[in-house]
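Report on one structure; see the data block that follows.
What follows is calculated from the coordinates using simple rules that are stated; it is not laboratory data. The model shown is predicted, which means the values in this text are computed figures rather than measured ones. As a convention, Cβ positions derive from the backbone with ideal geometry for all residues, glycine included, and neighbour counts pool all protein chains shown.
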Amino acid sequence: MKQTKHKTKKPSQKPDKKKLDKDCLDLWSDVVIARDHVCRNCHSDYRKSGHHLRVKQHQSTRFDPENGICLCWSCHFLQKVQPERFHDMVIDIIGQKEYDRLKAKSMIEVHYKIPDLLEIKEHLKSILKEG
């Protein structure tokens, strides 16, 4: 009688939600920088980063590229040292109407699960490829 070996499948590992969230945030930043190319305030291309217009704690706009602008380090730093001036700068860049739209959208309560984050990650990747 011939013995057959059965391959045991490794249990599929569930994606780590924190890592997925970080991956999505990194991709979000890449998308914003690729879209804007330079700092939206001073047009520098030195030490660029994606900045959330509405804080990233608002889940409904956390990974939305429309909720971001590319800023250089100097302009981004203004947020820490002169927050009111920074807020005015943002309004000058995107306009009050767009800011109000993002603010309303950011107030929608959302709770992402792992499948949602996987879908968001793929969507952000596809935006970068289209770039």
| query | How far apart, in nm, are two points set 7 Å out from the Cα along the Cα-to-Cβ line at residue 88 and at residue 14? | reply | 5.0 nm
| If you average the sequence gap of Cα pairs under 8 Å that are 6 or more apart and divide by the length of segment 15-77, what percent do you get for the contact order? | 38 percent
| To one decimal place, what orientation-averaged projected area in nm² is obtained for the convex hull of the Cα set of segment 33-130? | 6.7 nm²
| query | What pairs from 48/80; 97/121; 22/103; 14/121 go past 25 Å between their alpha carbons? | reply | 97/121
| Spin-label model distance (nm) - residue 81 vs residue 49, 7 Å beyond Cα toward Cβ | 1.4 nm
| request: With everything on Cα atoms, drop me the angle between helix 83-94 and the longest principal axis of the chain, reported from 0 to 90° to the nearest 10. | output: 80 degrees
| field | Distance between segment 79-123 and segment 33-66 - C-alpha centres, whole angstrom | value | 9 Å
